[in-house]
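For reference, the structure is listed below as C-alpha cells.
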Amino acid sequence: MTTRRLRLGMVGGGEGSFIGAVHRLAARMDDQYELVAGAFSSDRERGARSGAALHVPSDRIYPDFETMAQAEAARDDRIDVVSVVTPNDSHAAICSAFLRAGIGVICDKPLTTTIEDARSLRTLVRQTGLPFIVTHTYAGYPMVREARAMVAAGALGTIRLVQVEYPQDWLSEPVRSKQADWRVDPAKSGPTGCTGDIGTHAHHLACYVSGLEVETLLAELSTMVPGRALDDNVGMLLRYKGGARGMLWASQVAPGDANGLRVRVYGERGSLFWVQQFPNQLQHTPLGEATRTLFLGMKGLSPVAVAGARVPAGHPEGYLEAFAQLYTDAAAVIRAHADGHRADTELDLLPGIDAGVRGVAFIMAALRSSEAGGCWTAIED
C-alpha cells in the first residue's frame, strides 16, 4: 500500500452534487488517492453517467451501495476506503454495509439522523477496528490547528469562555435546488435543519480548538421562513466540562453572511480569534498586551500548523486545502491500519467516530432543549 495511491470508492456525489466534487478534489490534492469505484446516485442512469464522466471503469460503477460493498469486498483490488457523500438519512445504512464488508469509511457529517444509529455505528467501528473519519472540514485548517496547539500548550491559561457563530444567507428565502431541497426535508435531513447542517460544524470547531466538551446546553431552534419544515436559525448557551461557558449561534437566514464561521476562545491569560473567511490569520491577544496576528507560514508556528501548509508564506490557502488535509491525514491512518498500527493523526487531529457520535448527541440535546421551551439539557453520547 505504501507504493501506490489508495483506491477510493464513493457513494453519492454524482451529477449536481456540490460536496461530492469537493471530496474528489480534496482526495486528489496530495496525490494519495485514485477514484476507482462508486455508486454515484440512487438513480441508476444518473449514476452511470456520473461514473463515466469521472472516468471510473464501467464494471465498477454500481447501481446501489449494497451491490458495491459486496462486489468490492470480493475483489483482489478492492477499494481501501469509501467516501459517503449522500444526504444524512442514508449514512447509517451505507457506513454499516461497508464496515461489515471490511472497508474503512470517510463520512460526511452529521454522522446519522438518530443517536441510536450513531451509537450502533460506533459499536461496529470498535468491533471491526476499521478506520472511520468524519469530515468536519474546519479541523483541517492549519491556523485552526495552531489555535488548538496554543490552547493545549497553556498559552491562554484556564479557558473561561468559548464563543462560536456560523451565519449563512443562502436559505433566507424559499430556495429550490438539489442542495436546498434535502436540507429542508425532515425525511432526508433528519429532525433538524440548520442545527444539523452547520451548527454541528460550529460545535465541533469550538470543542476542537478549546479542547473542551460541552456538558449541557440551552437552545432555541427557530424557523424564520414561512412554510419551512425545519429550523433555519439556532442560538444556544453552553456549559463546558470544567466550568467554562459559551454561546453558539448558527443561521442560514443571515443576509450578507455567505459563510461567516468565527470562533473566539478566552482564557485567564489571553484570547484567540479565528475567522474562516480569513483562514490564514489567527489573532492572539495576551492579557494586558496588544493584539498580534499570526500568519500561516510565519516562523515559530507549531509543527501541526507547519505540516498543514502547502505553499510559501503569503500565498492564500483555503477551504479545499483544509478538506485535503483531512484526506491526507485519513490516508496516513488507512496506511497505518494496513500495517497493523495507529497513526499519530488518528489519536489527535482527525475527527473520528467519537466526534461523529458527539455531533449527533449535540443535535439531539439542542432539539430536546428547544422543544422543552429552552431548558438546560445534557449531551448524552
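The values are calculated or read from the model by the stated rules, or taken from the named source; none is laboratory data. Note that this is a predicted model, so its numbers are computed, not measured. Heads up, the Cβs are rebuilt from the backbone with ideal geometry, glycines too, and the neighbour counts pull from every protein chain shown. The area values use the complete protein model at the heavy-atom level, side chains included, leaving out ligands, DNA and RNA. Shrake-Rupley method; radii C 1.70, N 1.55, O 1.52, S 1.80 Å.
Within segment 1-88, which GluC sites (Glu not before Pro) sit in a loop by DSSP and count at most 12 neighbouring Cβ atoms inside 10 Å?
none
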- Task: Could you give the size of the charge dipole of segment 205-286 about its Cα centre, using +1 on the Cβ of each K and R and -1 on the Cβ of each D and E, expressed in debye and rounded to the nearest 20?
- Result: 220 debye
- Message: Taking amide H atoms as placed 1.01 Å from N in the peptide plane, list the residues 5 or more away in sequence, or in a different chain, whose amide H sits under 5 Å from that of Phe40.
- Response: Gly12, Tyr62
- Which entry in [x] 29, 59, 12, 0; [y] 27, 53, 19, 1; [z] 28, 49, 22, 2 is this structure's computed P(r) over Cα pairs in 20 Å bins from 0, in percent? [x]
- Note on the structure: Checked against the positive end of the charge dipole of segment 102-186 (+1 on Cβ of Lys and Arg, -1 on Cβ of Asp and Glu, about the Cα centre), the farthest of Leu130, Ser177, Gly140 is Leu130
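Treating the beta-carbon of each Lys and Arg as +1 and of each Asp and Glu as -1, no other charges, what is the dipole magnitude of the chain about its Cα centre, to the nearest 20 debye?
560 debye
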- Message: Just to check I understand the Karplus step: with θ = phi - 60° and J = 6.51 cos²θ - 1.76 cosθ + 1.60, what whole-Hz values come out for segment 308-315, glycine and proline as x?
- Response: x, 8, 10, 10, x, 3, x, 8
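Suppose all protein chains stay in the model; what accessible area per residue would a 1.4 Å probe give for the chain, in Å²?
Accessible area per residue: 42 Å².
Could you grab the relative contact order for segment 1-101? Cα pairs under 8 Å, six or more apart, rounded to a whole percent. Before the final figure, lay out the partial values.
Numbers: 159 pairs, mean separation 32.4, N = 101.
RCO, segment 1-101: 32 percent.
If you roll a 1.4 angstrom probe over the protein chains with everything in place, what fraction of the accessible area of the chain belongs to carbon and sulfur, to the nearest %?
The nonpolar share, carbon plus sulfur, comes to 52 percent.
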- Item | Long-range HN-HN contacts of Ser83 with modeled amide H, under 5 Å | Gly9, Met10, Val11, Ile106
- Task: Report the relative contact order of the chain, percent, no decimals, based on alpha-carbon pairs under 8 angstrom and at least 6 residues apart.
- Result: 20 percent
